[in-house]
Amino acid sequence: MATSTLAMAAPLAAQVLACPAGRTALVLSGGGAKGLAHLGVIAAMDSLGIRPDYVVGTSMGAIIGALYAGGYPARRADSLSAAFSPASLFSSTTYTGPLAWGQFSPLLTWAGGDEGFSLQTPTVDVPAANAMLSALLLRPNLLAAGDFDRLPIPFRAVATDLVSRDTVVLSSGDLAQAVRASISVPLVFPPEEIDGRLLVDGGLSANVPVAIARGLPGVTRVIVSDVTSGLLTESELQSGALAVADQLAGFLFVQPAESIGPGDVYMRVPLDEYENLDFTPATVDSIRRRGRLVADSVLALATCLPTGTLPRGEFPERVATFSLTGGAPTDTELLERFLGLEPGATIDLDVLATQVSEVRQLDAYTALWLHPAVTASGRVAFHAAVQPAPSKLAGVALAYDRDLGGRAGMMYLDRRLFGHAYEGSVTLGIGTLLNDLTLGLRRYFGVGQTWLAPTLTVHLENQDITLYDDDGQDLGRTDTRQGVLFAGLEQGVSGGWLLAAGFDGRLWNGGDEVTTDSSASGDGSSAGVRGAVRRPHGNWTADAELVWSSTFQRVGIATSYLVELGEWSVTPSARIGWGEDLPLQDQFPLGGTQGFPGLATEQLRGDREVFGGLAVSHPISGFLRWEVLAAVGRSADGGDLFAGSDWLGGARAGLVAETPIGDVQAAYGFTTTGIDNVFVRIGRWF
C-alpha cells in the first residue's frame, strides 16, 4: 500500500519556518484494539527523539498514553501491554464464575444487593479487567501519587458523564481508575463512579480529543494519532457474541473531525478492516506495525517538534500507611497483608503488581484502586478503595452432550452469610445421568501475601453410569450414590494456584450390576485425607488431587496448555490416574470430560488412566473454526500404570461455533481398534 494512502499530515507549505513558541500535546484517539497502533506511533517518536509536553488519551488511547506518560518507552509499553493482554477478557465462553461454584460455568448471572437482584452478563470478566489495569499502570500510578501532572509527561484521560453527556477530563486521583473510566464501553463494561459521577467511555463525547489538548496550559500545537474507522459491515457483525457492542461503540464514536492547524501533525492510521475488539496476537502485531509505518512516513516530514529524553521518574519505596474504604471492617488487614503494604515495608514493584493482579482470586471485590499519595516524610500512603463484589450472586448453567445427555445447573453464593464475613454457596446440578448438590462454607483471612480460607463442603450425588462391552455396545446403566464431606483449608498462592488440604469422608453405594475383577461395586465408606493443587484459570490449567484412606486410595492429575501461534491454537493435554479399590463413580473415565476420540464420552473407565492429547484449531470465518484432536491412552483395572497392553489411539475432527450459550461442537472420531463415534456438545460441560 502506498504511503500516500496511509496517512495525512499538515501541508508543509503551511508550516512557518520559524517555530512558534508554546507546548505540544500528543493526542491518542480511542478505537479498541485498533488503538494499539499508537504503540507503533510512539516507537517512531522515540526513534526520532520526539518528546511531547502533554499526553491526552481516550479509551485505548488512555491506556497507551498513561504508560507512555508514566515513563515507559514504546518498547517497554509494548511488552507490558502484551503481558497484560486483554484478549482473554473478551470471550463469551471463558467466564467461570466464583471459586465456590467449581466447574459450574454460568450462562447468566444475577447480582444481588440492597436493591434486589439485577441481571449481569458474563461476556467480560470485569474484576479481571480492573485488576489487570491496576497492575499494568502500577508504576505510573505511584509516580503520579494522585496528580497526573507529576508524571514524567503530564497526562489527561478523557471520559464521558453518563447522565449529563459532558466530556470529563481526569487529571487527578487513581490513575488506573481514571483509565478504567475512559475505556468503559457501554454493553461491555459497567460505568465507573468517580467523585459521584457515573463515567463511561470518553469516545462517546471526544474520541479524538484535540480540543481538550488545545485547552491545556501553553499548548499551541498537537500531534494526533487517529485510529477511528467507519462502521462494521454486515458480514463483520457475524463475528461473535460481542459484535453488537462492538458495532454500537463504532456508531457512537463517529464524531465530527477536529480542526488541524498548520503547525500540527496529524496521523490517520487506516484500520477499517480490523474489529474494535479483536485482540488476537496476529491482529495486534499487524495493527502495531501499521501504526509504525504511518508514523515513520509522516514524522519524517514534520518540523517544529519538541525533542528530549523521556525520564523514568522515581517514587518513594517505603510504605507510610495503608487504609481502605468500601470494604468490610476485616478487609483492611486482609488486603494490607495480601499486598504486602504494612507500614514501613519496602515496595517491590514486581511483587506488588503480581499481588494486585491476583486480588480477583479472593472473589470478594470487583475492583481495587490504590490511590497512592506521597507524605511529608517521603513515603507512600495508600488510601485504597475497593468495590465489593455483590454480596449475593445467582447463576444458571446449561450444557448438552450426545452421550451424557443434558445438564442444567443452578448456583447461589452469599458473601455475607448471616451478616458476617462468611461465604456460603450452593450448586445444584440436574441432568440425564447425574444429579448432584454441593453446599459450601468459607471464611477468608489474609496470611502473608496470600489468603487462607477454612472450608467445609458437603457433596451429594446420584449418578447413572452407562456400561459398555469391549466393542462399544451399550449394556445398560447402573445406579450409584455418594456423599462426600470435606473439612480443611484452601489457600491461594502466586500465579493463580489454589491449594487445599483436609479431612475427606465418604459414603457410597451402587454399581451392584457391574461384573468386574475390581472392587468397584457394592457399598462402602471411607475416612481419610484429601490434598489438591489447582490452577483453574489462564492458558495453563492444572488439577491434581489425592485422596488417601484405609478403604481406598486415589491420585489424579490433569493439565492442559493453550498456545496461540497467530491464528492457530494448539492445546496439548495430559491425564494420569491411579487408584486402589475405587468405587465405580470415583474411577477415571478415559479422556475426562473431553472424552476420547472415537469413543462415547466416559465409555472406558477404570482405576488406571494414562491419556495424552493434542488439539489444533483454526478459524474458518468469524465465530466458526475447525478443530482436530489426536489422542493416545489406556484405561485398566489394576496392574502397572504404564503396562504394555490396552493402549488405544484415536482422532476426532469437526467444527466449533462460538455462540452466546457457549461453544457448539460437532465432530466425527475413530479409534485404532475400528470403533467410531459422533461427538456433539453444546456449552462447557460441568
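The values are calculated or read from the model by the stated rules, or taken from the named source; none is laboratory data. Being a predicted model, the structure only gives us computed values, none of them experimental. Neighbour counts run over all protein chains shown; Cβ positions are idealised from the backbone, glycine included. Ligands, DNA and RNA are stripped out before the accessible areas are found, and what is left, the full protein with its side chains, is counted by its heavy atoms. Shrake-Rupley method; radii C 1.70, N 1.55, O 1.52, S 1.80 Å.
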**Along principal axes, Cα extents of the range 125-231, largest first, whole Å** = 40, 37, 27
**Request:** Sort all Cα-Cα distances of the range 356-515 into consecutive 5 angstrom bins from zero, then give the percent of pairs in each bin up to the one containing the longest distance.
**Result:** 2, 7, 11, 14, 15, 14, 11, 8, 6, 5, 3, 2, 1, 1, 1, 0
**Request:** Have a look at Val188, Ala399, Val208 and report the one farthest towards the positive end of the charge dipole of the chain, computed about the Cα centre with Cβ charges (Lys/Arg +1, Asp/Glu -1).
**Result:** Val208
**Estimated vicinal HN-Hα couplings, Hz - the range 24-33 in sequence order (Karplus 6.51, -1.76, 1.60; Gly, Pro = x)** = 10, 10, 8, 10, 10, 6, x, x, x, 4
**Message:** Can you compute the helix-only [θ] at 222 nm over the chain? Use -39500 (n - 2.57) per DSSP H run of at least 4 residues, normalise by all residues, nearest 500 deg cm²/dmol.
**Reply:** -5000 deg cm²/dmol
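Taking the radius of gyration and the Kirkwood hydrodynamic radius from Cα positions alone, what is the Rg/Rh ratio for the range 274-367, to two decimal places?
Working: Rg = 21.3 Å, Rh = 18.1 Å.
On the Cα set of the range 274-367, Rg over Rh gives 1.18.
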**Prompt:** Rg and Dmax of the range 314-377, Cα atoms, in Å?
**Reply:** 11.8, 35
**Asked** Considering only DSSP states other than H, G, I, E and B, which chymotrypsin sites (Phe, Trp or Tyr not before Pro) in the range 567-654 qualify as loop sites with at most 16 other Cβ atoms within 10 Å?
**Response** Phe642
**Prompt:** In what sequence, highest mean first, do 587-597, 25-35, 523-533, 264-274 appear when ranked by Cβ atoms within 10 angstrom?
**Reply:** 25-35, 587-597, 264-274, 523-533
**Item:** Simple label model, 7 Å out from Cα along Cβ direction - Gln103 to Leu641, nm
**Value:** 2.1 nm
**Request:** Order the peptides 141-151, 535-545 from the highest to the lowest mean number of other Cβ atoms within 10 Å of their residues.
**Result:** 141-151, 535-545
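Taking 0.36 nm per residue of separation and subtracting the Cα-Cα distance, what length does fully extending Met410 through Arg477 add? Don't skip to the end; give the middle numbers.
Working: separation 67, 0.36 × 67 = 24.12 nm, distance 2.56 nm.
Extending this stretch completely gives an extra 21.6 nm.
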**Request:** Assign one of three labels to the range 421-549, namely rounded, prolate or oblate, based on the Cα gyration tensor with a ≥ b ≥ c the square roots of its eigenvalues; rounded applies when a/c is under 1.5, prolate when it is not and a/b is larger than b/c, and oblate otherwise.
**Result:** prolate
**Asked** Looking at Ile557, Ser59, Ala636, which one has the Cα that reaches farthest to the positive end of the dipole of the chain (charges on Cβ: Lys, Arg +1; Asp, Glu -1)?
**Response** Ser59
**Prompt:** What translational diffusion coefficient, in µm²/s and rounded to a whole number, does the Stokes-Einstein relation yield for the range 570-612 at 37 °C and a viscosity of 0.692 mPa s, taking the hydrodynamic radius as the Kirkwood radius over Cα pairs?
**Reply:** 305 µm²/s
**Message:** I'd like the FRET efficiency for Thr432 and Glu342, computed as 1/(1 + (r/R0)^6) with the beta carbon distance as r and R0 of 56 Å, rounded to 0.05.
**Reply:** 0.60
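Kindly work out what percent of the DSSP beta bridges joining two residues of the chain are antiparallel, to the nearest 5.
Numbers: 194 of 218 bridges.
If we restrict to bridges inside the chain, about 90 percent are antiparallel.
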**Message:** Can I get the semi-axes of the chain's equivalent ellipsoid? Compute them from the C-alpha gyration tensor as square roots of 5 times the eigenvalues, in angstrom, largest first.
**Reply:** 51, 30, 21
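Which of the peptides 276-283, 475-482 is most tightly packed, and how do the rest follow, going by the mean number of other Cβ atoms within 10 Å of each residue? Numbers along the way, then the final one.
Working: 276-283: 19.5, 475-482: 15.8.
Taking the mean over residues of other Cβ atoms within 10 Å, the ranking is 276-283, 475-482.
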**Prompt:** On the accessible surface of the chain, probed at 1.4 Å, how many percent belong to carbon and sulfur atoms?
**Reply:** 58 percent
**Request:** Compute from the Cα atoms of the range 600-686 the Rg and the Dmax, the latter being the longest Cα-Cα distance, and quote both in angstrom.
**Result:** 15.1, 48
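Would you mind counting up the charge near Arg197? Only other residues with Cβ under 13 Å from its Cβ, with Lys and Arg at +1 and Asp and Glu at -1.
Working: positive: Arg165; negative: Asp161, Asp166, Glu192, Glu193, Asp195.
Neighbourhood net charge equals -4.
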**Request:** Search the structure for amide H atoms under 5 Å from the amide H of Thr455, placed 1.01 Å from N in the peptide plane, and list their residues when 5 or more places away or on another chain.
**Result:** Gly488, Leu489, Glu490
**3J(HN,Hα) from dihedral phi, the range 314-321, Karplus parametrisation 6.51/-1.76/1.60, rounded to Hz, x for glycine, proline** = 10, 10, x, 9, 10, 8, 8, 8
